[in-house]
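Following: one structure in structure tokens, then a few remarks.
Values quoted throughout were computed directly from the atomic coordinates according to the rules given, and no laboratory measurement underlies them. This is a predicted model, so every value here is computed, not measured. Cβ placement follows ideal geometry from the backbone for every residue including glycine, while neighbour counts extend to all protein chains displayed.
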Amino acid sequence: QVQLVESGGGLVQAGGSLRLSCAASGRSFSGYAMGWFRQAPGKEREFVATITWSGGITSYADSVKGRFTISRDIAKNTVYLQMNNLKPEDTAVYYCAASGKGLSRREGWYDYWGQGTQVTVSS
């Protein structure tokens, strides 16, 4: 059974930092891409960042480029999202996902999803 479990969300002031973690289990993720998406209240879920599990190729949404960094620790089966210089508009539930179809910004390519972790950025 594939499981993705996010952690690390919380409440921070604008300009602060958080690191989200996604513990992945249940299969080998070789050949997969791991992604982070977010959904703010009243808005559609949007792409944040993605990384290929084996090669470490990354892609970012323009809104977070230069502030967020996605990474993975293969030995720990964990993907991270380091979020720096947080802004109130980053407030959302952040979801970890896994795509068996490779690197993509499209959520339809992602087969497995975590339960989400809340990030709240105050002004």
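Dipole magnitude for the chain: about 160 debye, using +1 per Lys or Arg Cβ and -1 per Asp or Glu Cβ, origin at the Cα centre. Put simply, the amide H of F68, placed in the peptide plane, has neighbours under 5 Å in N84, leaving out anything fewer than 5 places away on its chain.
Label-to-label distance for K87 and E46 is 0.9 nm, based on points extended 7 Å past Cα in the beta-carbon direction. Phi angles of the range 8-14 translate, via the Karplus equation with coefficients 6.51, -1.76, 1.60 and θ = phi - 60°, into HN-Hα couplings of x, x, x, 9, 9, 7, 3 Hz per residue; Gly and Pro are given as x. For the range 1-102, a Kirkwood radius taken over Cα pairs fed into Stokes-Einstein (20 °C, viscosity 1.002 mPa s) yields D = 155 µm²/s. Couplings 3J(HN,Hα) of the range 63-74, computed from phi: 5, 10, 4, x, 10, 10, 9, 9, 8, 9, 10, 4 Hz, in residue order, whole Hz [Karplus 6.51 cos²θ - 1.76 cosθ + 1.60, θ = phi - 60°; x for Gly and Pro]. When every Cα-Cα distance of the range 75-123 is counted in 10 angstrom steps from zero, the calculated P(r) takes the values 21, 44, 31, 5 percent.
Around V93, under 10 Å between beta carbons, what's the net of Lys plus Arg minus Asp minus Glu among the other residues?
Result for the local shell: +1.
Taking Lys and Arg as +1 and Asp and Glu as -1, the other residues whose beta-carbon sits under 14 Å from that of G31 total +2. Straightening the chain between S104 and V5 buys 33.6 nm, computed as 0.36 nm per residue apart minus the Cα-Cα spacing. Looking at the chain alone, DSSP beta bridges between its own residues are antiparallel in about 90 percent of cases. Karplus-based coupling profile of the range 45-61, in residue order and whole Hz: 5, 10, 5, 10, 6, 8, 8, 6, 5, 7, x, x, 6, 10, 8, 10, 5, with θ = phi - 60° in 6.51 cos²θ - 1.76 cosθ + 1.60 and x standing for Gly or Pro. Under 14 Å from the 7 Å Cα→Cβ point of Q13, by amide nitrogen: which residues of the range 90-123? In the range 90-123, the label zone of Q13 (backbone N under 14 Å from the point 7 Å along Cα→Cβ) covers 121-123. Could you work out the local net charge near L18, counting Lys and Arg as +1, Asp and Glu as -1, over the other residues with Cβ closer than 14 Å to its Cβ? Local net charge: +2.
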